[in-house]
Structure formats: C-alpha cells, structure tokens
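Only one structure is covered here, and it is reproduced in the block below.
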Amino acid sequence: MADWRLINVLVLGIGFMFIFSAFQTCSMVEQTVITDARDAPNSTFTGNGYTSLATIYVVFAAANWIAPSVVALCGPKWSMVLGGFLYLLFIASFLYPMTWALYVGSVLVGIGAAVLWTAQGSFLTLNSDAETVGRNSGIFWALLQSSLLIGNLFSYFELRGATTISDSRRTVLFGVFSGACFLGVLSFVFLRKAPFTSSKEIQNVNISTEVVNVMEDRPAGPVKALVQSFKLMATKNMLLLSVCFAYTGLELTFFSGVYGTSVSNTKILKDPDALIGICGMFIGAGEIIGGAAFGLLGKRTNRFGRDPIVLLGFLVHTVAFFLIFINIPDIAPIDKTQDVAYFYSVFPNEYVAVLCGFLLGFGDSTFNTQIYSILGFMYPDESAPAFALYKFMQSLAAAVAFFYSDVLMLKWQLLILQVMCVLGSFCFFIVEWGASHLHGPGMYTSID
C-alpha cells in the first residue's frame, strides 16, 4: 500500500524545488537584469532591483500575521497554489519589464511568500508524526536547497559569455523561470489530503512557520497571533534572540541579492555575469552541506550543544566577509566597475569569489539550523508565535538591508554585517547558556 504521506512530502518538496529554482535565481540576477533593461536604448523603465526586493520583504513581514487566517480559510493545499501563483506573476513580469508591474509584483510575491510558507508548515505537519517528522523535514529541506544548484546552473550556461543581459536573453531566462514556477504550482494540485495528525504527536517540531491552530481547526486570527507574538517578544530571551534573527535577515539580503550583483558588476573578473550562477551554486552547496551536517545529522553533531555550531558559523562568515572585502571593489554593489580591489596584484579573483559563495551558504545554514533548534527546544507550547516572530524579524531586517544596499559602499555593508554577526552570536550564546543550565543540554530535533 502506498505511503501517501511520504508521497505528499516528496511532491511538496519537488514543487518548492521548481518554484525556488526560479525565484532564488531571479533574486540573484534581478538587479543586474533591471540595470541592463534600464540602460537599454529608448527604455522608459525606471525600476530598481534593490527597492523591489526590499518591498517583497516588508510585505512578507507584515503578511505573516494574516497568512494563518488565509490558510484556515482555503486549506494548506489551495493556499500553496495561491501563494505559488503570486510568485509566478512576479517572475513573469520580467518578460517585459514595466516599472508598475515590478512593484505591484513585489507586493504580490510578499503576500504569496507569507501564505506559501505558512501553508507549507501546516501541510508538512499534517503529513508527519513523531517518528517521521525528522525524515520528512529533511527530505523537504534537501529538495528545497537543491533549487539553488538547479536554477543557478541554468543561469550560468545561459549567461556565459554575455557582457549584458539583452532582451532576447532575458526573455529566455525568465521564460524558463516562469515555466519552472508553473510546474511547481501545478504539482501542488496533485497533493492528497492526509489523515489527521494530533498536535500532541508533533510537539517540538520545527517546520517553517508551524500553524498548530490550523491543524486543530481552531484558526487564530491575525490580531490574536500578533498579540501573542508581541507578548513573547517582550521576554528577555526573545529580545536577545531577535538580534540573531535580524542578523540572518541582513546576511540573507547580502548573499541572495547583493553579492551576485557585486560579482556581476566587477567587470575585471572573467565572464562576471555567468559567475553569478557559479557563486549561486556554491552558496547552495554550502547550504546543503551545512544543513546535512547540523540538521539531518543533528543528533551526532549537536552532542556538545548549539554554541560550537553557531561559533563555527560566526568564524566562517567572518572569513567570508574579509575575503569579499579584499576581493570585490567597493563600488560594486551599486554600479559596474573596472576597478581593482585592495590587493590589485591578486584580486579580484574568480576562485575567491566562488569560495566566498560557499562560505556564505555554509555559515547561513549553521545559524538557521540552530535557531530552529533553540526555538523548538525553548518554546514547545508557543511554537507558532515564536516562529512567526523569527520570520517577522528576519524579513524586516532583510527589507532594511535591501533599502541601504543601493546607497552604501561594500565596505560599510560588510561592516554592518560583521557587527551584527558579533552581536547576534553573542546574544545567541547568552540565551543558549541560560537554557542549557535551566533545562539541561537541548538536542536538535529537526530542521526547516
């Protein structure tokens, strides 16, 4: 007899793989594509990629509070179809860039993201129990992160040898992205309803934005969710963890949008537009390796607690920021340049650029897996507001970072990241120390 819960998880993961192969690659090349479209002869397009991405995360942060009600009304399956369709509209808008369509699409995809991820958490929870949740979340996470490899591999071959992204090249790029996103949305239609799973069976499950109230057919409205979350935010531990949440939002902005643009704008590099795809693939490889080491194999790698893993992430990101500082010209996040970096005899260097991509992805995975771990350990009875706060703070910080990314030189962006990396890691250590001494060492249970 077929295990339809496992089949559902596989179809869910494949759907997200298609959608985010398109969207994550789109985010990495968006500013470059928009700059070339704006600079084209007789162009009336005036959009800005960083402003678009900032808008997405502002709306995503706010929409987290209404998403549970949407999922309660439509159900997880059709909520994911709706959310995925809004992603499709945004990606398709690049086939013929228009300023109004860019920003309307940014608002729509921000709403779609909140609905999609809330529904994903609910659906994955409904298809898991205490014995299968680790396996299921691991399968989903692995399929999701593989999107970075797939999308950027296509981007690399399509942009290889290009000096600018022409209209015809952009049409092919976003035509394929739109097709991939459509396949992801279509796959959700084939999801089947799973037998009911009691919330008691899955206590401590860390799955994206978990919505226990939806599972039990007791939908909490956005106002109630907001009140619960702000009450939780007022506690000492959550205030400290919020600093770490904010850091993950800042570095998410950097590796998903700013770094690829900076590499592309460094015209002294060999084939810089195609190099975006290579860097994106290595970011994905870092995410997958880190997630496998500290997520899927968490019981083995977490034997000494969460602190050593976060410390490793801190060191990896510190090395990455330093290498980027000496490898990429200061003006690169803002404009195309032929400038050399600080050590002009050696840098800019393509291999260092790719290595930094891997370090950014690996470091990101260490912080995120341990945040999921500590939230599930400390807030088993308040997981929904805890994870909503995490997503809210992360999205808000990402939006702020996209707003300043278009005006600050690279060195100042890296300085902000390094300061927040220190503060976020330190705050995490304080909370982890208190939790381990109060409750004993917490073991990691599962991942996003």
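Here the peptides 35-42, 413-420 are ranked by packing, the mean other Cβ count within 10 Å, and the order with the highest first is 413-420, 35-42. Shape analysis of segment 50-144 yields a ratio of the Cα radius of gyration to the Kirkwood radius, Rg/Rh, of 1.05.
Computed from the C-alpha gyration tensor, the three semi-axes of the ellipsoid equivalent to segment 315-378 are 31, 12, 8 Å, from longest to shortest.
Among 265-271, 57-63, how do they line up from the highest to the lowest mean number of other beta-carbon atoms within 10 Å? Walk me through the numbers before you get to the answer.
Details: 265-271: 17.9, 57-63: 21.6.
Highest mean packing first, the order is 57-63, 265-271.
Sequence-distant contacts, meaning Cα pairs under 8 Å at least 6 residues apart, place the relative contact order of segment 1-192 at 43 percent.
Sorted by average packing, counted as other Cβ atoms within 10 angstrom per residue and highest first, what order do 153-165, 357-369 take?
On the way: 153-165: 16.7, 357-369: 25.9.
So the peptides 153-165, 357-369, ranked by packing, come out 357-369, 153-165.
Could you report segment 1-192's accessible area per residue, 1.4 Å probe, as an integer in Å²? Please list the in-between numbers first.
Values: 7030 Å² over 192 residues.
Accessible area per residue, segment 1-192: 37 Å².
Kirkwood-based Rg over Rh for segment 1-65 (C-alpha set), two decimals?
On the way: Rg = 17.9 Å, Rh = 14.7 Å.
My calculation of the ratio gives 1.22.
Applying the Kirkwood pairwise sum to the alpha-carbon positions of segment 221-435 produces a hydrodynamic radius of 17.8 angstrom. What whole number of Å gives the distance from the Cα centroid of segment 1-44 to the Cα centroid of segment 56-87? Segment 56-87 and segment 1-44 have Cα centres spaced 17 Å from each other.
Within segment 1-192, all pairs of alpha-carbon atoms sorted by distance into 5 Å bins from zero give the percentages 1, 8, 16, 19, 19, 15, 10, 6, 4, 2, 1, 0, 0. Please work out, to two decimal places, the log10 of the ratio I(q)/I(0) at q = 0.12, 0.16, 0.21 Å⁻¹ from a Debye calculation in which every Cα of segment 1-113 carries one identical scatterer. Here log10 of I(q) over I(0) equals -0.49, -0.78, -1.14.
The values are calculated or read from the model by the stated rules, or taken from the named source; none is laboratory data. Model, not experiment: these values are computed from the prediction. When we count neighbours, we look across all protein chains shown, and the Cβ atoms used for this are built from the backbone with ideal geometry, even at glycine. Keep in mind that these areas ignore ligands, DNA and RNA; they rest on the heavy atoms of the full protein, side chains included. Shrake-Rupley method; radii C 1.70, N 1.55, O 1.52, S 1.80 Å.
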